[in-house]
Amino acid sequence: MGVLRTFDLTPLPPLLHFQGSTGEGRTVHKTAAHIPCRERGCFFMGCVCKVIVPMDEERKEKLYRKHKRRFTKLLRRRMTPAEKTLWTALRNRKLQGSKFRRQVNVGPYIADFFSWEHRLIVEVDGGVHDEREEYDEERDTYFYDRRFKVVRIRNEEVLHNLNSALQKIQQTIEKAPSPCR
């Protein structure tokens, strides 16, 4: 393989242009979408040019949502022991007949457990959250601004005293009645 060299393409500033060898004696120029060199003003024989097109915001958003959905599916498969314990207590409407979902996308964030009918988000916090207090505050503010209630429960409380954790959730549900009921 030859050394890649950058060429100056002054008429098209957002484009990058590289020249390299395929190892078969043929020179290849790359920049991103397939456009023949003659149309670009590049006159190297046998070259295949590509134009790098800046990604628009709509495309970026679609890719972000797609990868975020994949990530939430991965989180559902790899739950922590505390999340598994709480999920067994919340699933199938076991807590006051309330429907809960796990690892749900809510705006730019992923909530551990979410009840739409009560607009309630339950977060199970481990040791990592001690170092991320500012992030958690920002996240809670986002949820409160959208009229969600947030309950934060420590891992230790779920693992060692599940009843008190469930009681916290129950009290939050009872404090403000569901808008759906």
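The values are calculated or read from the model by the stated rules, or taken from the named source; none is laboratory data. If you're wondering where the values come from, they're calculated on a predicted model, not measured in any experiment. As a convention, Cβ positions derive from the backbone with ideal geometry for all residues, glycine included, and neighbour counts pool all protein chains shown.
At-a-glance table
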{"item": "Filtered residue count, the stretch 133-155, keeping only those that are part of a helix (DSSP H, G or I) and either not assigned by TED's automatic domain parsing to the domain that holds V104 or not charged (D, E, K, R) (or both)", "result": "6"}
{"item": "Test result for V128, aliphatic (A, V, I, L, M), farther than 23 Å from I173 by Cα and either assigned by TED's automatic domain parsing to the domain that holds Q171 or in contact (Cβ under 8 Å) with a residue 60 or more places away in the chain (or both)", "result": "yes"}
{"item": "The one condition in (1) within 19 Å of the chain's Cα centre (by Cα); (2) among the aromatic types (F, W, Y); (3) farther than 23 Å from S164 by Cβ that F113 fails to fulfil", "result": "(3)"}
{"item": "Among residues of the stretch 97-114, those that are closer than 22 Å to Y135 by Cα and either part of a strand (DSSP E or B) or not assigned by TED's automatic domain parsing to the domain that holds M79 (or both), counted", "result": "11"}
{"item": "Test result for V158, assigned by TED's automatic domain parsing to the domain that holds E83, assigned to a strand (DSSP E or B) and either modelled with pLDDT of 95 or more or β-branched (V, I, T) (or both)", "result": "no"}
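This table checks each residue for (1) free of Cβ contacts under 8 Å to residues at least 40 places away in the same chain; (2) surrounded by fewer than 15 Cβ atoms within 10 Å (Cβ to Cβ); (3) of a type outside the set (A, V, I, L, M, F, W, C).
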residue: R91; (1), (2), (3): yes, yes, yes
residue: K94; (1), (2), (3): yes, yes, yes
residue: D112; (1), (2), (3): yes, no, yes
residue: E133; (1), (2), (3): yes, yes, yes
residue: E138; (1), (2), (3): yes, yes, yes
residue: T141; (1), (2), (3): yes, yes, yes
residue: I153; (1), (2), (3): no, no, no
residue: H160; (1), (2), (3): yes, yes, yes
residue: K175; (1), (2), (3): yes, yes, yes
